[in-house]
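Here the structure comes first, spelled out in structure tokens, and everything after it is commentary.
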Amino acid sequence: MGTKKKCFVIMPFSKTQNHDEDYWTKFFDKIIQPKVETYGYFCEKSKAMPQDITDNIIYQLKTADLVIAVLTDNNPNVMYELGIRHTLKRGTILIIQKGYPIPSYIQQIGVIKYELELGADEFYKELSEYINSLNDGDKPDSPVIRALGTPNYNKDIPMIAVEDQLPNIKDTQYEPLLFKDPTFITAEKNNYEEIDSNIIKSDRATIAVWVYVNQPNSGIRRPGSHHIFGHDTNKGYTISKEKYNGYINMLFLGHINANWEFGMASDVIDKRIDESDSLKPGWHHFIIRWSLNEKTYVEILIDGEINQKTIDLSPWPKELDGKITIGTWTNKLPEYYIETYLYRFFAITDLVDNNWITTEINNKPDEPTG
């Protein structure tokens, strides 16, 4: 399976004129997200956040492969975001509940009507047709693009693999790019790196790195546990159903007992994503990314391929201390070092888009020397 496309749903997230917050939550969780994801999209929605999110919303509208706008109840934020999307790119689907008026200035675009009381089959049929039609580049679904043509924006999100930059987005935190040259991480040199662990608290984040995978039973593949990165509060918390949103006790990515494994444990959960080690020796690109909506789904991507064992890691803890250690476990004992090369490690409080992933993978580093 290849890299998933991104779908961004612009819709109300709180009470509107005729629907409450619970309705909108279920509408996304039960109706929109499951269907859209059957087409290979990573689907998320706009939501309330404590800070000014204008720049972040615009970034999502710019980078999403597909945008679905829910026009029911004529929410002003939805209309504003729809206008922005129409000035940016094509690939937008409009939906509205039957019986609600469609604004005259968008009637000619085409709007899918839904009536959930009678079932979603007809709605899903039309939605499928619209999604499939997006491959037809001769039929722009934006009145702006239809009238003025496709815009050419000079301030695109930079591609890290080309320019060694990170997206300059307001309210986005990132760590400086580490290992700009392939670096052999070894206990002999004790040359691990550390970054601030606050990035883990973000509702959405990406951690990415190139790893040189050794021959079987050597380097990072030798028997034992060898951590590409790890975080440990060293608090010794145990799982307790009576606690909520407590400390992350550990979070890691590594080669553990002959598998590639991502794990996270706190005082309420302890879960893992395992991937059998069938990689050929050489450079491989690893991504961990998560997005918190009503639930937190974490994905591990190896060479752009999404692991099928995506798991729900709710509730996502919001308290932690210490650092993220790169190249070994947090106690820095020799047996946990990866004893191999790392290249271009970065962490950012956002989801990198498919263009970035494709560009990064197409810029695989040369075989290390020495």
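For the stretch 86-99, what are the residues that are over 27 Å from the mean Cα position of the chain (by Cα) and surrounded by 14 or more Cβ atoms within 10 Å (Cβ to Cβ)?
Correct list: I96, Q97.
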request  = Please specify each residue of the stretch 1-32 satisfying the condition of being touching a residue at least 60 places away in the same chain (Cβ under 8 Å) and not hydrophobic (A, V, I, L, M, F, W, C).
outcome  = G2, T3, K4, K5, K6, P12, T25, D29
note = Looking across the stretch 52-74 at residues that are surrounded by fewer than 21 Cβ atoms within 10 Å (Cβ to Cβ) and either more than 20 Å from the chain's Cα centre (by Cα) or of a type in the set (D, E) (or both), the single one that is modelled with the lowest pLDDT is D52
task = Please list, ordered by first then second residue, the pairs with beta carbon atoms under 8 Å, 6 or more apart or interchain, first in the stretch 224-235 and at pLDDT below 80, second among the hydroxyl-bearing types (S, T, Y) and assigned to a loop (DSSP other than H, G, I, E, B).
result = D232/T330; N234/T330
remark   = From the option list L253, L333, L301, L292, single residue qualifying as modelled with pLDDT under 75 and hydrophobic (A, V, I, L, M, F, W, C) is L292
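The values are calculated or read from the model by the stated rules, or taken from the named source; none is laboratory data. All of these numbers come straight from a predicted model, not from anything done at the bench. All Cβ positions, glycine included, derive from the backbone under ideal geometry; neighbour counts span all protein chains shown.
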